[in-house]
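Structure first, then comments.
The values are calculated or read from the model by the stated rules, or taken from the named source; none is laboratory data. In this text, all values refer to a predicted model and were calculated from it rather than measured experimentally. Here the Cβ positions follow ideal geometry from the backbone for every residue, glycine too, while neighbour counts run over all protein chains shown.
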Amino acid sequence: MYQLTRGVLAVMIGFIISIITGIILVPLLRKLKAKQTLSTYLSKKHKEKEGTPTMGGLIFIIPTILSIIILLLLNKIEYSSNLFIVMFVFLSYALLGFIDDFLIIKRKNNEGLTEIQKLIGQVAIALIFFFIYMKSGAEPIVEVYTLGIEINLKWFYGIFLLFMLVASSNAVNITDGLDGLAGGLSMIAFLTFALISANSPAIVGTSDISVFCFVLVGSLLGFLAFNSRPAKVFMGDTGSLALGATLATIAIITKHELTFVFVAGVFVFETLVCLIQIISMVYFHKKVFLMTPFHHHLEKLGWNERDIVICFWCIGLLLSMAAIVFGVWY
């Protein structure tokens, strides 16, 4: 009951500060002309969104960081190496995304950091994470509790962690293409890992990581008040890179790497669709999908944007419930 009360309070704190941040930040971003430049390949409906402010990820990043610092100062949560790792990854990927968004705004086109520059930044942060994580006493083992399986990856474990962080940050970034889509799916995913973290007492700091997740859930809920259709602001790379990498980090720390595949199922699917399209175009010179990511394929088929978002949210919720059953209860 105590953990549940802490979770509810954390969601409420995150939500309230996020709403206040959004009320202040959205008009400020408009004034600073921090406008999103959209791809020329998108439909006419998306052209209506041209000029919508970006960098909206700050609406949930600032409240989450601020809330955790306040809770630490009030001794409501305890500092641990694992909580530090989560905060480090969250802030570092947010900063990388912020630089990309800033360059896009400054240049007034869609050219921020190059793909190579962004990849180098993502890998560099992931390497620092790996170094700190292993120094904290972690072992290179992937566990599947439900099946009683332990796999010692040894030297390959580092590559595995790098892949998880980079792939997850890019997956959320790819999925962030419709109003409320990535934000809603991320809220569901972090709520799932809040519950999983709360039920992982054997790992140091997971109780407080659970509070971090609950705060972020509340902050994302506040963000959706400004990002749901019609969006008043987009999260940008500032938000999407931070969300994806942090989600993977928490999965790694709580030893639920396989569960993560279920929780992030929609993100994984969207990424796979893009990979299939690229491979098909390069080797067979044919399109498998009308447009990628998959949510744009559905738009080309005539689906309404709101229906796509709700459908994906429902799928994400079902996958997350299955993940809780598989990863915690069963």
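For segment 243-263, enumerate the residues that are at pLDDT below 95 and of a type in the set (Gly, Ala, Ser).
Within segment 243-263, just Ala251 meets the criteria.
Condition (residue is surrounded by 20 or more Cβ atoms within 10 Å (Cβ to Cβ), of a type in the set (Phe, Trp, Tyr), touching a residue at least 40 places away in the same chain (Cβ under 8 Å) and out of contact with any Phe, Trp or Tyr (no Cβ under 8 Å at 6 or more places or on another chain)) applied to segment 72-90: is it met by at least one residue? Show your work before the answer.
Initial filter on segment 72-90 (surrounded by 20 or more Cβ atoms within 10 Å (Cβ to Cβ)): 77, 82-83, 85-87, 89-90.
Now narrow it down to the ones that are of a type in the set (Phe, Trp, Tyr): 90.
Then drop every residue that is not touching a residue at least 40 places away in the same chain (Cβ under 8 Å), which leaves 90.
With the extra rule that they be out of contact with any Phe, Trp or Tyr (no Cβ under 8 Å at 6 or more places or on another chain), the set shrinks to 90.
There is at least one residue in segment 72-90 that is surrounded by 20 or more Cβ atoms within 10 Å (Cβ to Cβ), of a type in the set (Phe, Trp, Tyr), touching a residue at least 40 places away in the same chain (Cβ under 8 Å) and out of contact with any Phe, Trp or Tyr (no Cβ under 8 Å at 6 or more places or on another chain).
Restricting to segment 46-61, what's the tally of residues that are surrounded by fewer than 18 Cβ atoms within 10 Å (Cβ to Cβ) and assigned to a helix (DSSP H, G or I)? Step through it out loud before you land on a result.
Applying the first criterion (surrounded by fewer than 18 Cβ atoms within 10 Å (Cβ to Cβ)) to segment 46-61 yields 46-51.
In the following step, the residues that additionally are assigned to a helix (DSSP H, G or I) were identified as 46-47.
Result for segment 46-61: 2.
Of these, Ala251, Ala225, which one is within 15 Å of Ala323 (Cα to Cα), of a type in the set (A, V, I, L, M, F, W, C) and touching a residue at least 40 places away in the same chain (Cβ under 8 Å)? Break it down stepwise before answering.
Numbers: Ala225 fails: within 15 Å of Ala323 (Cα to Cα).
Result of the check over Ala251, Ala225: Ala251.
Here's a check for you: in segment 1-29, which residue that is over 30 Å from Gly51 (Cα atoms) and of a type in the set (Val, Ile, Thr) is farthest from the chain's Cα centre (by Cα)?
Out of the qualifying residues, it is Thr5.
What residue, of Lys118, Lys106, is assigned to a helix (DSSP H, G or I) and surrounded by 15 or more Cβ atoms within 10 Å (Cβ to Cβ)? Working first, answer last.
Working: Lys106 fails: surrounded by 15 or more Cβ atoms within 10 Å (Cβ to Cβ).
So the residue among Lys118, Lys106 that is assigned to a helix (DSSP H, G or I) and surrounded by 15 or more Cβ atoms within 10 Å (Cβ to Cβ) is Lys118.
Within segment 91-142, track down each residue that is without any contact (Cβ under 8 Å) to a residue 24 or more places away in the chain and of a type in the set (Asp, Glu).
Passing the criteria: Glu111, Glu115, Glu139.
Testing Ser210 on (1) among the polar types (S, T, N, Q); (2) closer than 30 Å to Lys76 by Cβ; (3) touching an Asp or Glu at 6+ places or on another chain (Cβ under 9 Å); (4) surrounded by 23 or more Cβ atoms within 10 Å (Cβ to Cβ), one condition comes back false. Which one is that?
(3)
Residue by residue, here is whether (1) of a type in the set (Lys, Arg); (2) touching a Ser or Thr at 6+ places or on another chain (Cβ under 6 Å); (3) surrounded by 17 or more Cβ atoms within 10 Å (Cβ to Cβ) holds:
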residue: Tyr133; (1), (2), (3): no, no, yes
residue: Ser136; (1), (2), (3): no, yes, no
residue: Lys154; (1), (2), (3): yes, no, no
residue: Gly177; (1), (2), (3): no, no, yes
residue: Gly184; (1), (2), (3): no, no, yes
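Pull out all pairs, ordered by first then second residue, where Cβ-Cβ is under 6 Å, the residues are six or more apart or on different chains, the first lies in segment 11-40 and is over 18 Å from Gly222 (Cβ atoms), and the second is modelled with pLDDT under 95 and in a helix (DSSP H, G or I).
Here the result reads Ala34/Ile105; Leu38/His46, each pair linking segment 11-40 to a residue that is modelled with pLDDT under 95 and in a helix (DSSP H, G or I).
Taking only segment 201-211 into account, find how many residues are under 23 Å from Leu162 (Cα atoms) and in a loop (DSSP other than H, G, I, E, B).
Final tally of qualifying residues: 3.
Within segment 132-149, does at least one residue satisfy the condition of being among the aromatic types (Phe, Trp, Tyr), modelled with pLDDT under 85, in a helix (DSSP H, G or I) and over 30 Å from Ile19 (Cβ atoms)?
The initial filter retains those residues of segment 132-149 that are among the aromatic types (Phe, Trp, Tyr), namely 133, 145.
From what's left, modelled with pLDDT under 85: 145.
Still in the list and also in a helix (DSSP H, G or I): 145.
With over 30 Å from Ile19 (Cβ atoms) added as a condition, the list becomes 145.
Yes, because at least one residue in segment 132-149 is among the aromatic types (Phe, Trp, Tyr), modelled with pLDDT under 85, in a helix (DSSP H, G or I) and over 30 Å from Ile19 (Cβ atoms).
Answer yes or no: is there a residue in segment 161-175 that is in contact (Cβ under 8 Å) with a residue 60 or more places away in the chain, within 21 Å of Thr21 (Cβ to Cβ) and not in a helix (DSSP H, G or I).
no
Kindly list the number of the only condition in (1) touching a Gly at 6+ places or on another chain (Cβ under 8 Å); (2) buried (at least 22 other Cβ atoms within 10 Å of the Cβ); (3) at pLDDT below 95 that fails for Arg229.
Of everything listed in (1) touching a Gly at 6+ places or on another chain (Cβ under 8 Å); (2) buried (at least 22 other Cβ atoms within 10 Å of the Cβ); (3) at pLDDT below 95, Arg229 misses just condition (2).
Considering only helices (runs of 4 or more DSSP H) fully contained in segment 212-309, which possess at least 2 residues that are among the aliphatic types (A, V, I, L, M) and farther than 25 Å from Phe190 by Cβ? Lay out the reasoning, then the answer.
On the way: elements: 236-253, 257-263, 265-284, 294-300.
Helices (runs of 4 or more DSSP H) meeting the threshold: 265-284.
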